[in-house]
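Notes for the one structure printed next.
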Amino acid sequence: MAAGWAISRPPADRHLRLLQAGIFAAVAAAPDLDLIVQRHRAESHSLGAAAIVATIAAWRLWPVAGTRGRIWLAIFAAYATHPLLDALAFDNAPPIGIMAFWPFSRAYVQSGVDLFAPVWRRWWLASFYTHNAIAMIREVAILAPVCAGVWWIRVKGRRHKAKGRSVEPV
Ligand SMILES: [Zn+2]
């Protein structure tokens, strides 16, 4: 959502604002739908996939921004944060990393920065809930301030613009 808002300001209308936030969140979570087809962290976790989804969004005029160009950029940014953040998470299941540069490369890349803890799917282990709860708290502690900060800056900017104190184009 923060990446989307950085490109396209949250609209003043509450309904549109919720719709925009929902689309950004859904787009950013969408790469993990690859779990359904047992092809996790492959093509769906790439800049190529982000470009494809952004192109569909711009073509279908998804209600996240005022122009096709800005829709494309906002959706690309929202989608691309998923592979970016995955690349910043500790990965212990081969192939290590994500196929970030598909279709130009099928290599799996990993940043080596273990900013986020891995999410365990082995639910039968005793420490499953504790481990995942801590991993989730860590993610929220890192990402919520970023999200709130971008929101605050963008909404504040909109109010300034409305009062005629800003000459920012969008
Ligand atoms: Zn993922």
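The values are calculated or read from the model by the stated rules, or taken from the named source; none is laboratory data. These figures come from a predicted structure and were not determined experimentally. So basically every Cβ, Gly included, is an ideal-geometry build from the backbone, and we count neighbours across all protein chains shown. Heavy atoms of the whole protein, side chains included, go into the accessibility calculation; ligands, DNA and RNA do not. Shrake-Rupley method; radii C 1.70, N 1.55, O 1.52, S 1.80 Å.
Quick notes
- Where Asp91 falls short, out of the listed (1) open to solvent by 30 Å² or more (accessible area, probe 1.4 Å); (2) in a loop (DSSP other than H, G, I, E, B); (3) of a type outside the set (A, V, I, L, M): (1)
- Residue within segment 70-83 that is in contact with a Phe, Trp or Tyr (Cβ under 9 Å, 6 or more places away or on another chain), farther than 19 Å from Ile23 by Cα, among the β-branched types (Val, Ile, Thr) and touching a residue at least 40 places away in the same chain (Cβ under 8 Å) present: no
- Residues in segment 96-107 that are open to solvent by 50 Å² or more (accessible area, probe 1.4 Å) and in contact with a helix residue (DSSP H, G or I) (Cβ under 9 Å, 6 or more places away or on another chain): 5 in all.
- If the condition is being assigned to a loop (DSSP other than H, G, I, E, B), within 11 Å of the ligand (Cβ to nearest atom) and charged (D, E, K, R), then segment 32-66 contributes only Arg41.
- Residue within segment 2-21 that is within 16 Å of the ligand (Cβ to nearest atom), modelled with pLDDT of 95 or more and surrounded by fewer than 22 Cβ atoms within 10 Å (Cβ to Cβ) present: no
- For Ala50, the conditions (1) surrounded by 22 or more Cβ atoms within 10 Å (Cβ to Cβ); (2) farther than 22 Å from Gln110 by Cα are fulfilled apart from (2).
- Cβ pairs under 8 Å, 6+ apart, first in segment 1-17 and farther than 17 Å from Gly149 by Cβ and hydrophobic (A, V, I, L, M, F, W, C), second modelled with pLDDT under 95 and surrounded by 14 or more Cβ atoms within 10 Å (Cβ to Cβ): Ala12/Arg158
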